[in-house]
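All remarks here apply to the structure that follows.
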Number of protein chains: 4
Amino acid sequence: MKNSATLLITCPDTKGIVAAIADFLYQHNANILHADQHQDAENSLFLMRVEWDLKDFSLDEASFAEAFQGIAKTYKMSWELKFSKDKPLMAIMVSQYDHCLADLLHRHKNNELQCEIPLIISNHLDVQKLAEFYGIPFFHIPVEKDKKKEAEAEQFALFDKFQVDFIVLARYMQILSEDFVKRYPQRVINIHHSFLPAFIGARPYHRAFERGVKLIGATSHYVTEVLDEGPIIEQDIDRISHRDQVEDLIQKGRDLERIVLSKAVQWHIENRILIYANKTVIFD
Amino acid sequence: MKNSATLLITCPDTKGIVAAIADFLYQHNANILHADQHQDAENSLFLMRVEWDLKDFSLDEASFAEAFQGIAKTYKMSWELKFSKDKPLMAIMVSQYDHCLADLLHRHKNNELQCEIPLIISNHLDVQKLAEFYGIPFFHIPVEKDKKKEAEAEQFALFDKFQVDFIVLARYMQILSEDFVKRYPQRVINIHHSFLPAFIGARPYHRAFERGVKLIGATSHYVTEVLDEGPIIEQDIDRISHRDQVEDLIQKGRDLERIVLSKAVQWHIENRILIYANKTVIFD
Amino acid sequence: MKNSATLLITCPDTKGIVAAIADFLYQHNANILHADQHQDAENSLFLMRVEWDLKDFSLDEASFAEAFQGIAKTYKMSWELKFSKDKPLMAIMVSQYDHCLADLLHRHKNNELQCEIPLIISNHLDVQKLAEFYGIPFFHIPVEKDKKKEAEAEQFALFDKFQVDFIVLARYMQILSEDFVKRYPQRVINIHHSFLPAFIGARPYHRAFERGVKLIGATSHYVTEVLDEGPIIEQDIDRISHRDQVEDLIQKGRDLERIVLSKAVQWHIENRILIYANKTVIFD
Amino acid sequence: MKNSATLLITCPDTKGIVAAIADFLYQHNANILHADQHQDAENSLFLMRVEWDLKDFSLDEASFAEAFQGIAKTYKMSWELKFSKDKPLMAIMVSQYDHCLADLLHRHKNNELQCEIPLIISNHLDVQKLAEFYGIPFFHIPVEKDKKKEAEAEQFALFDKFQVDFIVLARYMQILSEDFVKRYPQRVINIHHSFLPAFIGARPYHRAFERGVKLIGATSHYVTEVLDEGPIIEQDIDRISHRDQVEDLIQKGRDLERIVLSKAVQWHIENRILIYANKTVIFD
């Protein structure tokens, strides 16, 4: 079992950052496992992810911040430190289609996703048995017209109670309120069943069929206040032909949705994603 | 060298169509090479492509129509008959980027495209030498602001003179007038450098970069009066990452454009495309 | 719910076959839903799949053979007639890895696979709970060294008892005996975790890693007496890089295996596959 | 125009390497443009590519080695320094098929490939005109049976004369002698028309057709003494069906070959490739 720390850094680009960080880690006896960086010339931004083995590392969680604050201040860094031993807590929200949920739960059971899943919330009862099979607490919160506010209040209470770190919308067919989105910035991942920005909004497979496209797609993204306009994490497509009816698009799309969503979730859990300018950097 | 005939049929769907056509061809001793059909349930349409060897076929071009007219009338068919010996005449229009043009000319020389290319028209001089290398007559028709009408008149005159069957816009950076489009319905093929309907219009790579997509695409389509809204023939995508700048998108996109356009051209030449309801059926 | 019949035909290629079949179906008032054919010039073979709605069809299962035998004899056809109402009975064999099994069971539950699954056989107990969750009878038949014959005898007895039509090896890590393979010709579908013919045999991901390939693949195929040499049904690949370790290949491969196997199973169930010359024709 | 230096490093993995390099570059006022590294745990190897802008850099080509030798010695590095201003000299060898050659020349003309092409060598005359069109000296060196040695001597003389840095086999249908391969280690790039290790050797498309695969591929690799077994640089595939004949495979394969070869050439030119253990690391 890996016992590592991951540092994510964003700061203005200037000379000497890598040297400062590498030197700091070396001084504290870190064994670097992965390091990747990105410079955005347009925005003069430096972004970095570095992961090291904690075996011989001389700082603990408490002392790291103090030791690192000099560098962080010098280079005006915003930074986050994560430990592989601290598995993030992921809530899943889902409506009636269960393919993404079944996929995530199966991957979780097989240790593809290094997180805890303290709860599943649905506005329907269809997936309750599946949740039970995998031993995940299931909460049924119907969302009645004009009562979204009340439903979201119940959801927030549960997220608080279970100390949820991030939320995955695994085909949750409700639009979140502005309040919800603001409460969990960069912490809600959605799967949209088109290659965004094509077919924003409802019924993308029907509209893809009507337009006569030769490819269908799926897009995982962070949810922001503008519908389907948040930072894109991953996309993929599949080929269709004139023989494919809407039902075929929907079936083929399920495979896309599963894979595109699960990659986003995995990368988020592994702290591989940095967001800026409504885009993502995916460190691999 | 293949010596075949290809029949393309569109008619209301009803029982007995395949039997009638197959029987007709058998009566006239056709050796069927390929037959493919498609039913559109929604529109109650039957579409078919059948290709046969002419070796033992008992009808010639002149007598076919007379012999076939009974069936065609009974089933209210619109139909077209093409002969592999009659290579269609393709005009190419291009501005300054020469990658699609170079690709088409190279494929043509290597017999991938069974057509004649009587002329290339450009509003710039950049590709003249390339045209000359492949021995294709080159015509320079600048398109000055407010003089598009005059330029198009020159173009029409050349198309008439060379008896052009269809026109390929191989990165021709001008929007055609309504008059042009109406004159050549379903006979102008364009390549657009995005996966339509995403990024309709100008500068799609720049907009793809700004949006932070993880895939870029290209789309070949027939030109209609609504910009980038015509029937899609082929699409493909390539994967990009945060490391790719706009220039990288443009370079990667060139490979997509070449392949997506050349497939559309080949299928058009081989009479594999039927259009209805602003969509294409591609018979393979 | 579709109520259709599907006819699969293989015969020597000659003129008039399509006319004969189309005419026969028309005479008996069939409403053709799909028809697709293939000619293999090299082997002078004609292969066809035709599916029609049974609503107005004037023959039933019993009378079809008699009515059709004249044509079948004339053209020396081997043919098979299947009805959509008769769902085939599929047995699944699996060892410890459960990702393909979980995928097939989930698709079956969601009506992607129009078959019955009367039983699951495993040489381990790992997947028992999964089988129970989906309500499929589970049989544990350990395969001890030198006792494969006895184990297979038990398997055959179960296949007979449940009148199994075909068998899917969903990561069943045992090599079937010659006797097994001969007993179920063209009725055993396997998933191999490489793009065959690369990496035939054991541990393909390890060997792919050692070779330094940039793509990994998966292949579904019918099992024949020569290991991993049977007719290929479907293949797909995923891109890897030097950063991917064997474990990453195995994880990425699971997604390939799931999709490539499920397509083979679906096409087999829908009678879309004809086999000849150790190849498959997939009618779409 | 970029004016940068690229340093490629391979050494035993240990702590402090990144710090040492980053510090060294910072001390000499380098503005790092890209840095990427890879650790191979199995072989305890550290591999790195770092590229920096030369604008404010305080060392020139001559003084770099002296300044860097301390670090290099401490960490037992093998290293190479390249300057973007020094375009490598690439020889192209080709037989009769000209699609890869035409593609490379077109990309070179359009500045996708930052190299010089001092000569093209062919054992046939087919591509002479193409070479002339792009203004590249063409040398016809026939390879008669039993006279390969003499032909290669002529080739070596030309490579020496033009001070060639590396050689691209753009569908050169001759097997190089052991002598040739030893003379240019890790400096000969070949394109093989299959997804290696499938279909090593001659006529891969024919064998792919016979085997009934559903995907065809192409592989670019460095040439070693074992045929088609050298380190793989890039691979890609395209989908085929039972409708595709050998000729179709060959045509589709041409597009794969072009793209897969051109990527290998570009990455080689940009010093993105490190080789070890018969594998490549591609820094992106």
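Pairs are defined by a Cβ separation below 7 Å, a sequence spacing of at least 6 or placement on different chains, a first member in the stretch B:142-160 that is outside the structural domain of B:M93 (by TED's automatic domain parsing), and a second member that is in a loop (DSSP other than H, G, I, E, B); no pair meets this definition. I'd like to check something: does the stretch C:40-63 contain any residue that is farther than 30 Å from C:N123 by Cβ, touching a residue at least 12 places away in the same chain (Cβ under 8 Å) and of a type in the set (K, R)? Yes, that holds for at least one residue.
Taken over the stretch D:231-264, the criterion of being of a type outside the set (D, E, K, R), more than 10 Å from every other protein chain (Cβ to nearest Cβ) and touching a Ser or Thr at 6+ places or on another chain (Cβ under 9 Å) is satisfied by D:G253, D:L261, D:A264.
When you look at C:A131, is it within 14 Å of chain A (Cβ to nearest Cβ), touching a strand residue (DSSP E or B) at 6+ places or on another chain (Cβ under 7 Å) and either within 21 Å of A:K109 (Cα to Cα) or open to solvent by less than 20 Å² (accessible area, probe 1.4 Å) (or both), yes or no? Considered against the rule, which asks whether it is within 14 Å of chain A (Cβ to nearest Cβ), touching a strand residue (DSSP E or B) at 6+ places or on another chain (Cβ under 7 Å) and either within 21 Å of A:K109 (Cα to Cα) or open to solvent by less than 20 Å² (accessible area, probe 1.4 Å) (or both), C:A131 comes out as yes.
Checked against (1) of a type outside the set (S, T, N, Q); (2) surrounded by fewer than 16 Cβ atoms within 10 Å (Cβ to Cβ); (3) in contact with a strand residue (DSSP E or B) (Cβ under 6 Å, 6 or more places away or on another chain), D:E116 passes all but condition (2). State whether the residues of the stretch B:229-250 include one that is touching a residue at least 40 places away in the same chain (Cβ under 8 Å) and within 27 Å of B:K85 (Cα to Cα). Yes, the conditions are met somewhere in the stretch B:229-250.
The residue that is surrounded by the fewest Cβ atoms within 10 Å (Cβ to Cβ), among those in the stretch B:161-175 that are over 18 Å from B:L101 (Cβ atoms) and in contact (Cβ under 8 Å) with a residue 40 or more places away in the chain, is B:Q163.
So that you can scan it fast, the table gives a plain yes or no per residue for (1) touching a His at 6+ places or on another chain (Cβ under 7 Å); (2) on the phi < 0 side of the Ramachandran plot; (3) in the same structural domain as B:I17 (by TED's automatic domain parsing); (4) part of a strand (DSSP E or B):
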{"site": "B:H34", "(1), (2), (3), (4)": "no, yes, yes, yes"}
{"site": "B:Q39", "(1), (2), (3), (4)": "no, yes, yes, yes"}
{"site": "B:N43", "(1), (2), (3), (4)": "no, yes, yes, no"}
{"site": "B:F46", "(1), (2), (3), (4)": "no, yes, yes, yes"}
{"site": "B:S58", "(1), (2), (3), (4)": "yes, yes, yes, no"}
{"site": "B:F68", "(1), (2), (3), (4)": "no, yes, yes, no"}
{"site": "B:K76", "(1), (2), (3), (4)": "no, no, yes, no"}
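Number of residues in the stretch B:195-208 that are open to solvent by 30 Å² or more (accessible area, probe 1.4 Å) and either closer than 17 Å to A:V213 by Cβ or not assigned by TED's automatic domain parsing to the domain that holds B:K252 (or both) equals 2.
The helices (runs of 4 or more DSSP H) located wholly in the stretch D:148-212 that include 1 or more residues which are within 22 Å of D:K279 (Cβ to Cβ) occupy D:178-183, D:204-211. If you check C:A19, C:A35, C:A91, C:A30 for being under 30 Å from C:K161 (Cβ atoms) and buried (at least 20 other Cβ atoms within 10 Å of the Cβ), only one passes: C:A91. Among the residues making up the stretch D:207-228, those that are in contact (Cβ under 8 Å) with a residue 24 or more places away in the chain and under 19 Å from the mean Cα position of the chain (by Cα) are D:G217, D:A218, D:T219, D:S220, D:H221, D:Y222, D:V223, D:T224, D:E225, D:L227, D:D228.
Taking the criterion of being within 30 Å of D:A5 (Cα to Cα) and more than 13 Å from chain C (Cβ to nearest Cβ), would at least one residue in the stretch D:209-224 satisfy it? Taking every residue of the stretch D:209-224 in turn, at least one turns out to be within 30 Å of D:A5 (Cα to Cα) and more than 13 Å from chain C (Cβ to nearest Cβ). Could you go through the stretch D:273-283 and let me know if any residue there is open to solvent by less than 10 Å² (accessible area, probe 1.4 Å), more than 10 Å from chain C (Cβ to nearest Cβ), farther than 20 Å from B:R258 by Cα and assigned to a strand (DSSP E or B). Looking for residues that are open to solvent by less than 10 Å² (accessible area, probe 1.4 Å), more than 10 Å from chain C (Cβ to nearest Cβ), farther than 20 Å from B:R258 by Cα and assigned to a strand (DSSP E or B), one finds none in the stretch D:273-283, hence no.
Being open to solvent by 40 Å² or more (accessible area, probe 1.4 Å), away from chain A (no Cβ under 13 Å), more than 30 Å from C:D284 (Cβ to Cβ) and not charged (D, E, K, R): is that true of B:S58 here? Outline the logic, then answer.
On the way: open to solvent by 40 Å² or more (accessible area, probe 1.4 Å): yes; away from chain A (no Cβ under 13 Å): yes; more than 30 Å from C:D284 (Cβ to Cβ): yes; not charged (D, E, K, R): yes.
Here the answer is yes, as B:S58 does meet what is asked.
If you go through the stretch A:187-222 and pick out every residue that is polar (S, T, N, Q) and in contact with a Pro (Cβ under 8 Å, 6 or more places away or on another chain), you end up with 1. Checking each residue in the stretch A:227-266 for being in a loop (DSSP other than H, G, I, E, B) and among the small types (G, A, S) picks out A:G230, A:S241.
Cβ-Cβ distances below 6 Å connect the following pairs, each with a first residue in the stretch C:182-194 that is open to solvent by 70 Å² or more (accessible area, probe 1.4 Å), a second residue that is modelled with pLDDT of 95 or more, and a separation of six or more residues or different chains: C:Q186/C:Y222; C:Q186/C:I275; C:R187/C:F166.
Within the stretch C:1-55, restricting attention to residues that are β-branched (V, I, T) and closer than 14 Å to C:L81 by Cα, the residue that is farthest from the other protein chains (Cβ to nearest Cβ) is C:T6. Listed conditions (1) of a type outside the set (D, E); (2) touching a Leu at 6+ places or on another chain (Cβ under 9 Å); (3) farther than 24 Å from B:R272 by Cα; (4) part of a loop (DSSP other than H, G, I, E, B) are all met by B:H124, apart from (2). In the set (1) surrounded by fewer than 18 Cβ atoms within 10 Å (Cβ to Cβ); (2) in a loop (DSSP other than H, G, I, E, B), the condition left unmet by C:Y97 is number (1). Scanning the stretch B:193-206 for residues that are in contact with a helix residue (DSSP H, G or I) (Cβ under 7 Å, 6 or more places away or on another chain) and under 13 Å from B:A218 (Cα atoms), we see that the one that is nearest to the other protein chains (Cβ to nearest Cβ) is B:P197.
The values are calculated or read from the model by the stated rules, or taken from the named source; none is laboratory data. Every value quoted in this text rests on a predicted model; they were computed, and no experiment measured them. For neighbour counting, all protein chains shown are included, and Cβ atoms are generated from backbone atoms with ideal geometry for every residue, glycine included. Note: areas computed on protein heavy atoms with side chains; ligands, DNA, RNA excluded. Shrake-Rupley method; radii C 1.70, N 1.55, O 1.52, S 1.80 Å.
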